[in-house]
1. Averaged per residue, what accessible surface does the range 273-499 expose to a 1.4 Å probe, in Å²?
2. Mind pulling the angle between the C-alpha long axis of helix 447-456 and the longest principal axis of the chain? Nearest 10 degrees, somewhere in 0 to 90.
3. Please give, to one decimal in nm, the separation of the simple spin-label points placed at Ala460 and Val486, each 7 Å out from Cα toward the Cβ.
4. With all protein chains present, how much of the accessible area of the range 212-266 (probe radius 1.4 Å) comes from carbon and sulfur, to the nearest whole percent?
5. Could you please state how large a percent of the accessible area of the range 273-499 is carbon and sulfur, counting protein chains only and using a 1.4 Å probe?
6. Roughly how compact is the range 212-266, stated as its Cα Rg over 2.2 N^0.38 Å to two decimals?
7. Using a 1.4 angstrom probe with every protein chain in place, what is the largest-first accessible-area order of Asp269, Asp85, Asp363?
8. Cα convex hull of the range 273-499: mean projected area in nm², to one decimal?
Amino acid sequence: MSATATATAVRTAPPDRGRPRPGAVLALMSSCVILTIALVAAVNLAIPKLVASSLHPTSTQLLWIVDAYVIVFACLLIPAGALGDRRGRKGTLLTGLALFAGGCLVSALAPDAAVLIGGRALTGAGAALIMPATLSLAIQSAPPERRPHTIAVWTAATGAAGMVGNFGGGLALQYLPWQGLFWAMAPLALVLLALTARFAPRGERHPAHPDLPGTALLVLGFVALLYGVIEGPERGWTSAGVLGALGAAAVVLTGFVVHALRAAHPLIDPRVFAIPRLRAGTLGVTLSFFGLFALFFVNAQYLQYAKGYSPALTGLAIGPLAIGMLAVSGRSVALAGRFGARRVIAVGLGILAAGLALLTFTDAGTPYPLYALVLLVMAVGMGLSLPTLSVAIMGALPPSRAGLGSGLGSASREVGSALGVAVMGTVLTGRFTDRLPPSLAEHASSPGQALTAARHLGPAAHTRAVTAFTDAMSVGFGVIAAVVAVLSAVVVIWFRDGER
């Protein structure tokens with residue numbers, strides 16, 4: 001069965017005729033998605049200003065500031081999807097938008113890094129409630145024959161949102177301190193809340209059971225895993241804290257699987273991954289966002305520190321990714337119907353891995369047109385693979401579990417994003433510290449602080465620091481590209497055209 005036919009088989013209740021046209025609902029739901037993901041990307045542009053602020057965050061605190069939002073977002077997505085199925089998707093979406101706005105206000109008012117991390121986590125909880133409800137409501141509003149298109153547009157919005165966050169965040173940070181980013185996001189969330197309350201249809205309700213032990217195990221396991229990855233460079237990979245965290249992650253996540261296999265109503269039944277297309281789809285989406293957000297984490301620092309770009313120009317410079325994603329994503333499902341979903345996915349993930357590998361050759365002297373061309377290559381790869389992978393996830397589950405399907409797809413995105421930031425940040429910090437000249441080592445609590453200090457020490461010191469940074473960035477991209485290439489082969493092996 002083709003990807004188009006598979007997604008067409010998804011059945012939910014007929015659209016509510018008393019509500020606006022499906023296209024209007026899809027536009028509103030896509031706007032909510034863009035808001036949540038844009039903040040993931042935009043915060044990376046604030047790193048230079050955060051480094052220079054009175055918060056004085058360390059390298060590991062910077063990673064937690066970026067990843068706290070994404071960790072909570074990822075871990076609560078699946079229970080949030082189940083909550084929407086049980087309590088109503090519109091109410092869940094409204095609650096999420098309110099929490100999102102509140103978290104942004106806490107972040108904007110944060111007096112220190114710890115409060116900022118807490119505010120980011122609260123915002124992530126709101127985002128988790130928003131994301132699965134938007135896809136479920138958009139699908140519910142669309143006629144059956146338009147549901148593959150609806151999924152493709154929604155998926156394109158998740159990809160384009162990163163670019164929107166880069167451009168909008170760069171514009172805000174050009175004229176405002178880092179707090180301005182969060183001051184701008186809060187009213188946008190409140191506007192979307194009002195529009196959703198007025199125009200969104202009432203979501204269907206299906207039987208769903210909360211799995212609080214499973215949710216707790218999943219959150220603790222992922223937090224422990226990322227703690228080990230993020231804290232490794234600073235505390236040492238053989239330190240008791242890091243080894244303990246990684247060991248605890250293995251034990252807790254194993255406990256999650258055991259619990260899920262035994263529970264009457266688990267958060268997610270691991271046996272669902274016996275469905276080849278679902279298994280391949282979730283891994284493929286995770287890999288795509290692993291590569292994309294590794295790029296987002298380092299892109300802003302590279303363009304501002306190594307190339308001397310302003311925040312606004314840095315946000316604009318990511319434009320080729322948006323152009324490529326929008327140009328290709330709308331054709332992905334049709335191409336999958338013509339040539340086979342497996343072939344389209346294989347080509348897309350292969351192009352993405354090639355683009356990441358090309359970024360290993362980037363340094364301070366790389367002309368922007370060449371850099372932009374590589375970004376365009378990556379965008380084409382993601383635009384080909386992501387919509388087809390998302391259709392596969394949604395089409396593999398019955399209509400009554402649409403919330404779970406969208407939650408799984410969204411969780412895959414955020415897990416990939418969190419891991420991409422953590423791995424790239426870890427490699428970048430470790431390699432940068434090793435390559436930094438001894439005269440600058442005392443300023444190396446984070447790469448940003450060292451680069452800022454080097455600028456004041458003279459051109460020679462700045463050149464050495466930038467060289468160390470771009471070398472570390474290249475090594476990071478090499479690691480990311482290798483992971484994407486190897487696991488993409490697994491995705492293609494698992495994916496079978498004609499199977500559910």
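The values are calculated or read from the model by the stated rules, or taken from the named source; none is laboratory data. Every value quoted in this text rests on a predicted model; they were computed, and no experiment measured them. Every residue, glycine among them, receives a Cβ derived from its backbone with ideal geometry; neighbour counts consider all protein chains shown. In case anyone asks, the SASA skips ligands and DNA or RNA and just uses the protein heavy atoms, side chains included. Shrake-Rupley method; radii C 1.70, N 1.55, O 1.52, S 1.80 Å.
1. It amounts to 32 Å² per residue over the range 273-499.
2. Rounded to the nearest ten degrees, it is 40.
3. Those two pseudo-labels are separated by 4.2 nm.
4. So the carbon and sulfur contribution to the accessible surface is 74 percent.
5. 68 percent
6. Dividing the Cα radius of gyration by 2.2 N^0.38 Å gives 1.26.
7. Sorted descending by solvent-accessible area, the residues read Asp363, Asp269, Asp85.
8. Directional mean of the projected Cα hull area for the range 273-499 stands at 12.8 nm².
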